[in-house]
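The values are calculated or read from the model by the stated rules, or taken from the named source; none is laboratory data. Source: prediction; values computed, not measured. Heads up, the Cβs are rebuilt from the backbone with ideal geometry, glycines too, and the neighbour counts pull from every protein chain shown.
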Amino acid sequence: MSDIFDEVSAELRRDNMGAAWNKYGRYIIGAAVAIVVLVAAVIAGSSYIRGQEEAASVRYDALLQTLVELDTQEKIAPLEAFAAAEDNGYGALARFTAALAHAEKSQTNSASADAAIASFDALADTSGLPHSLRDLAQLQAAIVLLDSKGSLQEIELRLDRLLDDGNGLQPMARETMALAYMTYDKPLKARELFKAQIGDARVTSLTRERASIMLESLSAALTPSPAAPEAQK
């Protein structure tokens, strides 16, 4: 995946602040999808899933096989039907996957954005799920809100707890919140978050590099331009 990260960094260097989110926002959604795959794999091997009937695992595998040849839109209905019928961990994974399918279309379809946000919010409020999955659902809801021009207050509401020290998703939540502040013309708040990102020993070198690039862009935008010389009379 390093090539993807390098490409994003290069794009950010070329883009100005106003254009950065168009590419960068879609990148964050893609990165979050990769994390979901990882989290799903972890959950699949945990006691949360092992405690469910083995038959549910067989049904879920069969569902995945039927989805291979379908496009994103066509996958949503069978995933949601499976989730409605399965009150177990595999049903939760199907709900998450269906929400991600809606999220893929959220930039061009407001109904898809609304459906994705509602699905992620419902997952975040499901008390029986592992906290890691619920937190990830909150993060994804915030990302869809940002990418579909939702309100800053709604984004802050979903990221507030994820920004706490000790939360495993804090770096990604911080990055998303900083981009939201940039989008909604709050550069000073964005700058503080990018500075915190750079100073966080937990973040990867590529995450730190992206924060540095965005911080440079912010600093340039916040620096007053030299006054133009007075026109000669």
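Could you list, in sequence order, all residues of region 118-133 that are in a helix (DSSP H, G or I), in contact with a helix residue (DSSP H, G or I) (Cβ under 7 Å, 6 or more places away or on another chain) and among the aliphatic types (A, V, I, L, M)? Show your work before the answer.
In the first step, residues of region 118-133 are kept if they are in a helix (DSSP H, G or I); the result is 118-124, 131-133.
Pick out the ones that are also in contact with a helix residue (DSSP H, G or I) (Cβ under 7 Å, 6 or more places away or on another chain) and you get 119-121, 123-124, 132-133.
Leu123, Ala124, Leu133, listed by residue number.
Looking only at region 101-117, how many residues end up being in a helix (DSSP H, G or I) and either touching a strand residue (DSSP E or B) at 6+ places or on another chain (Cβ under 9 Å) or in contact (Cβ under 8 Å) with a residue 12 or more places away in the chain (or both)?
Taking region 101-117 first, the residues in a helix (DSSP H, G or I) are 101-104, 110-117.
Next, only the ones that are either touching a strand residue (DSSP E or B) at 6+ places or on another chain (Cβ under 9 Å) or in contact (Cβ under 8 Å) with a residue 12 or more places away in the chain (or both) stay: 101-104, 110, 113, 115-117.
Matching residues across region 101-117 total 9.
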How about region 173-191: which of its residues are surrounded by 17 or more Cβ atoms within 10 Å (Cβ to Cβ) and charged (D, E, K, R)?
Arg174, Glu175, Arg191
If you go through Phe96, Phe194, Phe120, the only one that is within 30 Å of Ser219 (Cα to Cα), surrounded by 23 or more Cβ atoms within 10 Å (Cβ to Cβ) and either under 14 Å from the mean Cα position of the chain (by Cα) or touching a residue at least 24 places away in the same chain (Cβ under 8 Å) (or both) is Phe194
From the set of residues in region 134-187 that are in a loop (DSSP other than H, G, I, E, B) and under 21 Å from Ala101 (Cα atoms), which is modelled with the highest pLDDT?
Gly150
Would you say Arg161 is within 24 Å of Tyr60 (Cα to Cα), of a type in the set (Lys, Arg) and surrounded by fewer than 23 Cβ atoms within 10 Å (Cβ to Cβ)?
no
